[in-house]
Amino acid sequence: MTAQDVQALADAADGLILFHNGLWGAPTCYMWAGPDGTAAGRVPPWECEALDRLSWRKLIVAEPGAGAGDVPVVPTEAGLALLRAHRAHAA
């Protein structure tokens with residue numbers, strides 16, 4: 001994993017990333033989560049690319065909610081295990 005992938009995975013694990021599903025004419029994209037859990041701005045392109053790679057590798061998931069709101073991006077068990085291993089190696 002690249003340093004950008006690790007940072008994106010850590011941001012997802014920390015609850016900082018939301019996924020906007022593109023309803024209401026807005027583009028599908030990743031958003032930062034504000035303190036109240038609502039969208040607080042767009043995630044930069046480099047981190048979006050890293051999040052897409054993590055999603056493709058099934059290390060994160062954004063489960064669609066019942067409504068049109070943004071949903072949290074969360075790490076899978078495999079993603080959490082990889083993040084723990086990376087942090088242990090870095091310590």
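The values are calculated or read from the model by the stated rules, or taken from the named source; none is laboratory data. Fair warning: this is a prediction, and the values are worked out from it, not measured in the lab. Glycine also receives a Cβ, built like all others from the backbone with ideal geometry; neighbour counts cover every protein chain displayed. These accessible areas exclude ligands, DNA and RNA; they are computed on the full protein's heavy atoms, side chains included. Shrake-Rupley method; radii C 1.70, N 1.55, O 1.52, S 1.80 Å.
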Please name all residue pairs, on different chains or six or more residues apart, with Cβ atoms under 6 Å, provided the first residue is in segment 5-20 and is under 21 Å from Gly69 (Cβ atoms) and the second residue is of a type in the set (Asp, Glu) and not in a strand (DSSP E or B). Ile17/Asp11; Leu18/Asp70; His20/Asp70
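Go through Ala90, Ala68 for me and flag whichever is surrounded by fewer than 16 Cβ atoms within 10 Å (Cβ to Cβ), under 20 Å from Ala3 (Cβ atoms) and at pLDDT below 95.
Testing whether each residue is surrounded by fewer than 16 Cβ atoms within 10 Å (Cβ to Cβ), under 20 Å from Ala3 (Cβ atoms) and at pLDDT below 95 leaves just Ala90.
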Candidate set: segment 71-87, residues that are surrounded by fewer than 18 Cβ atoms within 10 Å (Cβ to Cβ) and touching a residue at least 24 places away in the same chain (Cβ under 8 Å); chosen: the one farthest from Val6 (Cα to Cα): Val71
Of all residues making up segment 66-91, the number that are within 15 Å of the chain's Cα centre (by Cα) and in a loop (DSSP other than H, G, I, E, B): 3
If you go through segment 38-65 one residue at a time, how many are under 12 Å from Phe19 (Cβ atoms), assigned to a loop (DSSP other than H, G, I, E, B) and open to solvent by 80 Å² or more (accessible area, probe 1.4 Å)? 2
